[in-house]
Amino acid sequence: MLFKKAHQGRCFCAGFRYYRDMIAIIDYGMGNLRSVEKGFLKVGVDVRVTNRPEDVDNADGVVLPGVGAFKDCMQELANLDLVDAVADVIRKGKPYLGICLGLQVLFSESEEFGKCRGLDIFRGKVVRFEKSGLKIPQMGWNQLNIKNNNPLFNGIPDKSYFYFVHSFYVAPEDNSIIATTTDYGVEFTSSVRKDNIFAVQFHPEKSQALGLRLLKNFGDIVAAK
């Protein structure tokens, strides 16, 4: 797949800023790519879909979405030589937004289908929800408890609802990276933030107006670098 430019120099939504900084959405064969792409375009953020390491390296910011199994995600990233490309983006201080699996693979390992190694950017595990009488996977709207000042959540009130679809959640060893928590039988980490790394368990592209606001906020973060 060659580098695909999402649009040609025009804003798709009146009232929003047009961003000339390029954000790469990584296509590794899994994830809700088109919905993520459309969400960014609605708020005037220039995004491009790619599976080439050199394109990821040249981007001003990177988005790693994903729906599916942790092991499959890591395997596909490895097949496309994208494991090092993602790690390099983070090491260079470029803004990174992980969505769903894009959050989970930042951690050391997952318990899904046996142990599988992640990118190990953060120490911790990806664990399954315990049986608690609640339906697994969690599928639907749930609230965020916003823990601290975070530019990704500018203009988003505490206790706002976002859309989730997942059976596993991250358990960080370092609590200081926890940006939001959510209650689903257990209080779990629903997003993390450290320096240039922003990652969420929920799906902003499915979360209507507040989800679009979050995507716009990430565009602002990239533009400010």
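The values are calculated or read from the model by the stated rules, or taken from the named source; none is laboratory data. All values reported here derive from a predicted model rather than from experimental measurement. Quick reminder, even Gly has a Cβ in these numbers, built from the backbone with ideal geometry, and neighbours come from all protein chains shown.
For the range 198-216, the count of residues that are touching a Gly at 6+ places or on another chain (Cβ under 7 Å) and either loosely packed, with under 13 Cβ neighbours inside 10 Å or over 26 Å from Gly44 (Cα atoms) (or both) is zero.
Among the residues in the range 92-102, are any over 17 Å from the mean Cα position of the chain (by Cα) and of a type outside the set (Asp, Glu)? Yes; the residues of the range 92-102 include at least one that is over 17 Å from the mean Cα position of the chain (by Cα) and of a type outside the set (Asp, Glu). Restricting the first member to the range 21-36 and to residues that are basic (Lys, Arg), and the second to residues that are at pLDDT 90 or above and assigned to a strand (DSSP E or B), the beta-carbon pairs closer than 9 Å and six or more apart or on different chains are Arg34/Val49. Pairs are defined by a Cβ separation below 7 Å, a sequence spacing of at least 6 or placement on different chains, a first member in the range 188-206 that is in contact (Cβ under 8 Å) with a residue 60 or more places away in the chain and closer than 12 Å to Val165 by Cβ, and a second member that is in a strand (DSSP E or B) and of a type in the set (A, V, I, L, M); the pairs so defined are His203/Ile99; His203/Val165. Filtered by the rule that a residue be surrounded by fewer than 18 Cβ atoms within 10 Å (Cβ to Cβ) and under 20 Å from Gly66 (Cα atoms), the range 182-191 gives no residues. Looking at the range 47-72, which of its residues are touching a residue at least 60 places away in the same chain (Cβ under 8 Å) and either closer than 20 Å to Val126 by Cβ or not small (Gly, Ala, Ser) (or both)? The answer is Asp60, Val63, Pro65, Val67, Phe70. For the range 161-171, residues that are within 22 Å of Asn217 (Cβ to Cβ) and either aromatic (Phe, Trp, Tyr) or surrounded by fewer than 19 Cβ atoms within 10 Å (Cβ to Cβ) (or both) total 5. The set of residues in the range 104-139 that are closer than 27 Å to Asp195 by Cβ, buried (at least 19 other Cβ atoms within 10 Å of the Cβ) and polar (S, T, N, Q) comprises Gln104, Ser110. Within the range 112-155, the set of residues being closer than 30 Å to Leu77 by Cβ and touching a Lys or Arg at 6+ places or on another chain (Cβ under 6 Å) comprises Phe113, Cys116, Asn150. Say whether the condition of being buried (at least 16 other Cβ atoms within 10 Å of the Cβ) and either free of Cβ contacts under 8 Å to residues at least 24 places away in the same chain or on the phi > 0 side of the Ramachandran plot (or both) is met by at least one residue in the range 84-95. Taking every residue of the range 84-95 in turn, none turns out to be buried (at least 16 other Cβ atoms within 10 Å of the Cβ) and either free of Cβ contacts under 8 Å to residues at least 24 places away in the same chain or on the phi > 0 side of the Ramachandran plot (or both). Checking Phe129, Phe164, Phe188 one by one, the residue that is modelled with pLDDT under 95 and farther than 17 Å from Pro95 by Cα is Phe129 and no other.
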